[in-house]
Amino acid sequence: MESEVNYTGITRSLNISIDNLYEHNQHILCQIEEGINAQTISSPVVGYQGVPGANGEEATYTYFKGKWSQIIAHESFEDVIEALLEGKIDYGVLPIENSSTGEVLDTYDLIKNNELYIVGEQSIKIENNLLVVPGSKIEDIEEVYSHPQALGQSKEFLKNHPKIKPLPYINTATACKHVADLKDKTKAAIGNRRAGVLYELENLVPNINFNKNNFTRFIVLANKMNITQECNKISIVFSTEHLSGALYNILGHFAHNGLNLLKIQSRPLLEKKWQYYFFADLEGNLEQANVLIALSQIMNQCSYFKILGNYKQCE
């Protein structure tokens, strides 16, 4: 019969080693500890950007599955962030990436510049439709309104209809409401079917996005981390010294500690030309020793470092 092995001494030594690694960054360990002890809000107030019928509303419905006390629409991304910081909502839902047109850069900047954390994510399939006032024909349309992402996702359709002028709008559903209010057969909106029904618009040309496998990923933001054993994705942001090999050395810590880097995205560091912040997503949980070791080594080599959250990856 195999004898039981007591790893208590090894565990204690490992914890001491991690504490030493974070000696000058104890606030990071405190944030992680606070996140581990955080309780999920059972009946939260949730905010999203847009109006009823927006993709953000659908992402909110899908993620929270009816477990909310109130859902509040906000005019802009900044309004959602402000409501979170002021405690008017418990969670905020914002888009961060589309599979066809890439990153929603405004969201990256907002989460970097504010003390908020990603606690969840939700992907939804996006189907863009040309929505018009009932009775409109394709030859009537002169202008089409939608969010820049939706316009980009529909670029092939618009290229084939050069007479139609694309006009950026704050949100797809808001664009639908605007066209419905105008009651003008020369105006159209690009949005989802639900928004079309809600604002009594006719779906003149369905599914006009060039990529039929078109998804948008939304993140769920909160004032504190909420770390559970199910959390398997970590988001961080950092900047390196402007030296040869600096980024290479940072990325090496992921490989050396057995961590899978899921994504990396750069954003300009405004106060220094041609230098950048790097947003990175990796697999892991902040309770794992190899994760803590890797992040501590990265912190020590970065001029700026911040943990953006630890959450369950959306399948």
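The values are calculated or read from the model by the stated rules, or taken from the named source; none is laboratory data. The structure displayed is predicted, hence computed values, not measured ones. Positions of Cβ are backbone-derived with ideal geometry, glycine not excepted, and every protein chain shown enters the neighbour counts. SASA here: full protein model, heavy atoms, side chains in, ligands and nucleic acids out. Shrake-Rupley method; radii C 1.70, N 1.55, O 1.52, S 1.80 Å.
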Counting only residues in segment 136-153 that are modelled with pLDDT of 95 or more and not in a helix (DSSP H, G or I), the one surrounded by the most Cβ atoms within 10 Å (Cβ to Cβ) is identified as SER146
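Can you name every residue in segment 208-222 that is in contact (Cβ under 8 Å) with a residue 40 or more places away in the chain and either assigned to a helix (DSSP H, G or I) or open to solvent by 50 Å² or more (accessible area, probe 1.4 Å) (or both)? It would help to see each step written out before you state the result.
So in segment 208-222, the residues in contact (Cβ under 8 Å) with a residue 40 or more places away in the chain come out as 208-211, 213-222.
Of everything in segment 208-222, those that are in contact (Cβ under 8 Å) with a residue 40 or more places away in the chain and either assigned to a helix (DSSP H, G or I) or open to solvent by 50 Å² or more (accessible area, probe 1.4 Å) (or both) turn out to be PHE210, ASN213, PHE215.
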Out of (1) more than 19 Å from TYR199 (Cα to Cα); (2) of a type outside the set (Ser, Thr, Tyr); (3) not in a loop (DSSP other than H, G, I, E, B), the one ILE41 does not meet is (3)
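For segment 72-106, what are the residues that are touching a helix residue (DSSP H, G or I) at 6+ places or on another chain (Cβ under 6 Å) and either over 24 Å from GLN149 (Cα atoms) or assigned to a helix (DSSP H, G or I) (or both)? Walk me through it before giving the result.
In the first step, residues of segment 72-106 are kept if they are touching a helix residue (DSSP H, G or I) at 6+ places or on another chain (Cβ under 6 Å); the result is 74, 77, 81, 89, 92-94, 96, 98, 100-101, 106.
Those that are touching a helix residue (DSSP H, G or I) at 6+ places or on another chain (Cβ under 6 Å) and either over 24 Å from GLN149 (Cα atoms) or assigned to a helix (DSSP H, G or I) (or both): PHE77, ILE81, ILE89, ASP106.
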Every listed condition ((1) among the aliphatic types (A, V, I, L, M); (2) in a helix (DSSP H, G or I); (3) buried (at least 22 other Cβ atoms within 10 Å of the Cβ)) holds for ALA180 save (3)
Check whether at least one residue in segment 207-222 is modelled with pLDDT of 95 or more, closer than 30 Å to ALA38 by Cβ and among the basic types (Lys, Arg), and report yes or no.
yes
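Give the residues of segment 53-71 that are in contact (Cβ under 8 Å) with a residue 12 or more places away in the chain, buried (at least 16 other Cβ atoms within 10 Å of the Cβ) and either more than 16 Å from the chain's Cα centre (by Cα) or part of a helix (DSSP H, G or I) (or both), sorted by residue number. Explain how you work it out, then say what you get.
Residues of segment 53-71 that are in contact (Cβ under 8 Å) with a residue 12 or more places away in the chain, as a first pass: 53-60, 62-64, 67-71.
Within this subset, residues satisfying the condition of being buried (at least 16 other Cβ atoms within 10 Å of the Cβ) are 53-60, 63-64, 68, 71.
Result: GLY53, ASN55, GLY56, GLU57, GLU58, ALA59, THR60, TYR63, PHE64, TRP68, ILE71.
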Looking across segment 72-116 at residues that are among the hydroxyl-bearing types (Ser, Thr, Tyr) and buried (at least 17 other Cβ atoms within 10 Å of the Cβ), the single one that is farthest from ILE126 (Cα to Cα) is TYR91
